[in-house]
Amino acid sequence: MKKTNGPKESMPMSLDRLNISDIPSFFAGRKPWQFSFFNQHKKLILSVTLVVGLLSVLYSLLAYTPKYTSKAILQIRDSAITSKYITSDPINTYSAPTANPVLNTMEILRGQGVPVAIWNEFLNRHPAEKQKLHLKTLPDWLKYYNDGKKIVKYKNVPGTDVVDLSFQWAGDPILAKDGMEVLLKSFQDLSRESNQSENHERFIYLSQQIEEIERKLIDLRSKIGDYKLKTKSYNVDEEIDDYIKTRSLLEQNTQAANAESKDYQQQLAAYQSTLKLSPENAVKAVAVGRNPTLVKLYDQYYTLSDQYASLRARYTDSHPQVAQALSQLQQVQANIQNEKKRLGVADNGKNVAIVDDTRGEAVKNMLDVQARSKGAQSKVAQMNHYLSQLDSKMQSLPQVEKNLTAMLDEQAYLSGSIKTLKEKALEAKIREMQTLSNVFVLDPPNFPLKANFPTRLHIILLGLLLGFAGGIALAKLKDKLLYISDPISKEYNDLVSASEKRYAEAPVR
């Protein structure tokens, strides 16, 4: 449809039934606002606005529960919380933090300890709140709490250790502040417990290492004892000194035994030279000398032999005394041979010695010297054997000393490590007992003076605004429906609206 710009413009064909000349008189004496859209539908718009506004008032008063937020500002200082004790050496005791202590501590707010504390210390003191939220058990509350973002909010100020913490609760600002105090207390307690847990874990870790090293030390000491028993070495330095002294003493004893053996051998040779008998023949001679006649004859023989030897030393063989002594000696020898024949003792080409009682003492002494000589020789051999063993052991001492030194050094190292670990374990235990929370309150929980957006007033104003908009929309819908049922009336209204617009835009004279 084409609109007109003035009285001279032709009207649409659908307005032919109207008298165009009556339009100026129609507007005469009337104000423009009386033909506005609101003036035409003010009853409908106001009615809808009033109904929706009333509903919003009823909702805000009866159904809507405002929420209140209590806030606090915290400072998180250095924390003992770390990830793991990083070490490859079982004796090493250092640990390394792998994350920001502020972030580590804030992670506590995401744990299960916070909602459990809120349930135990807040909701149990306010059973009406549990009924309002339809919570009967702790699992119900944990399911309702979920990740806690709708109740607990926190934000770390970038580049600082300051944290903004807030607790939101619906219904009562006192409850919001009470819940915030419970949240803050549980956060500090859990932080302290976490720090204590870290120190306790460190104490347990160090205690386990101490036990492990003590077992190693016991095994090493047993190994050292077995090695000393096997090598017969206990203190190598002292043993070297003892071996030197022992060897010197053994050498002296060996020399003395050698000298004694030589002396006995010389005595034995003298006896053999004197008796003209070996010890074996002397024994036989003693047996033969038991015959009194032979003993007597041999005594005569030895006497004459000595005389004959003495005379020969002074005289020549042709001297009468020498000749006489030789004759007598030969006669005694003949008598001895005859007596031996009579006794049945044959010489068989060998001289058979006969020792009398007088010379038996010499034979006895000779045999005693022989026994002493053999004893001295045995002692010398024994001393040489001891010296050989001692030299062999002294040759192995450097390797024994090296092995023992290595094991003793390891023993000293383990003992020192145990001492160090015990000191660190005691330090960790003391820290565990003295650990405080690293969460410090800079600004305590505040009392929320006003509810969070939206408040009841916001709900009412929003209801009125929506009611007014709904009334306009309903009026528009009504006009559209009327146009569909009466097009002429609609064209008339359009004409009136256009006239009102021109009238409003006309300059005032």
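The values are calculated or read from the model by the stated rules, or taken from the named source; none is laboratory data. None of these values were measured; they are calculated from a predicted model. Note: ideal-geometry Cβ built from the backbone for every residue, glycine included; neighbour counts use all protein chains shown. Protein only, heavy atoms only, side chains kept; ligands, DNA and RNA dropped before computing areas. Shrake-Rupley method; radii C 1.70, N 1.55, O 1.52, S 1.80 Å.
Go through 200-212, 398-410 and give me the packing order, highest mean Cβ count within 10 Å leading.
200-212, 398-410
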Residue-count net charge about Ser222 - beta-carbon cut-off 12 Å; Lys, Arg +1, Asp, Glu -1: +3
Net charge near Lys450, counting Lys/Arg +1 and Asp/Glu -1 over other residues with Cβ under 15 Å of its Cβ? +3
Quick calc: nm separation of the 7 Å Cα→Cβ label points for Met394 and Phe453 -> 10.2
Accessible area per residue, Å², region 360-457 with all protein chains present, probe 1.4 Å: 63
